[in-house]
Structure formats: structure tokens, C-alpha cells
Amino acid sequence: MKKLIFAIVIMMSSVEMFAGPIVTVHFEIGRKSMDCRGFGICNAGVDVNWRFSTMRIDSETNSLQIAISKEMISGKEEYFKSNTVTFEETAVLSQEIQKALGATNRVAIEKGTYALVRTKTGYQINVPIKK
């Protein structure tokens, strides 16, 4: 399986409609419990050498916005053919990533189906954050 690595870079956004850090994250598409096979977030962490995928917290909608570049889905295209994606297991973001995002509560991508929005540079998934 081709490993996909993406980085974490913290930037303050002046162009976005909401304030807060935008974090570029490295992770693989896959289930952690299945050696990164299937669909989910696997091997997430911090790496400042890449800039392909971003995560940010939208405080107005209380959601985690995950932007995935077209390059990142190589070998995983089957999951991006529909208008939804299904996370097959819950993925809790590491303390390191939560801190970079400025999260005040635990941030998890709960097992379930979410809308997949096509963008100019790839895809976006909005995940509600439980309080």
C-alpha cells in the first residue's frame, strides 16, 4: 500500500471566514485497527515538510474541516466516488494535533458517514465536534 504523508504547519488565516489556526496534517487514509486498510484516519501526526492536507476548527459551526488534496487520494480513489465518505472507526486526534488546532475539547472523527464536498484542489469533509 502506498503511504501518503502529509504535514502539519500552523498558520493564522486572514483569508478564511473564521479565525483560528489552519493546520496541515500528515496521515494515511485507512483504519488504524486494520493496518491502515479501509477508510479512516491512520498514523496522524506532525511533520512540517509537506503541505497537502489541512484541518481546521470552524468555531461557528463547531466542526472539524478536513481538506484532502487530489494527490493524497492516490490508491484510495474508490472512497471518493460518491458524495459521502464513511469513517469505519472513530479516530481521536492526538494531543499534539488538538493543541495545534487550538481545540478546547477532545476532537474525534466519530465512526459514521459524512458529506464529501469536491473543491478546486481536492475534497473537504466537515465533521461535527461533540462537546
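Would you please put 28-34, 91-97 in order of how densely packed they are, using the mean number of other Cβ atoms within 10 angstrom per residue and starting with the highest?
Put in order of decreasing packing, that is 28-34, 91-97.
Would you calculate the separation in nanometres between label points at SER94 and LYS131, each defined as 7 Å from the Cα along the Cα-to-beta-carbon direction?
Between SER94 and LYS131, the label points sit 3.0 nm apart.
Net charge near LYS130, counting Lys/Arg +1 and Asp/Glu -1 over other residues with Cβ under 13 Å of its Cβ?
Within the 13 Å Cβ shell, the charges total +2.
Take SER74 and THR104, extend 7 Å from each Cα along the Cα→Cβ direction, and tell me the distance between the two endpoints in nm.
Result: 4.1 nm between the two label points.
Taking 41 Å as R0, compute the FRET efficiency from the Cβ-Cβ separation of ASP58 and SER82 and round it to 0.05.
FRET efficiency, ASP58 to SER82: 0.95.
Based on the alpha-carbon gyration tensor of region 29-131 and its eigenvalue square roots a ≥ b ≥ c, which shape applies: rounded if a/c is under 1.5, prolate if not and a/b is larger than b/c, or oblate?
rounded
Residues with amide H under 5 Å of VAL107's amide H, sequence separation 5 or more or different chain, H placed in the peptide plane at 1.01 Å from N; which?
Under 5 Å from the amide H of VAL107: LEU93.
All of the numbers you see were taken from the coordinates with simple rules; none came from a lab. Predicted, not measured: the structure shown is a model, and the values here were computed from it. Virtual Cβ from ideal backbone geometry, glycine too; neighbours counted across all protein chains shown.
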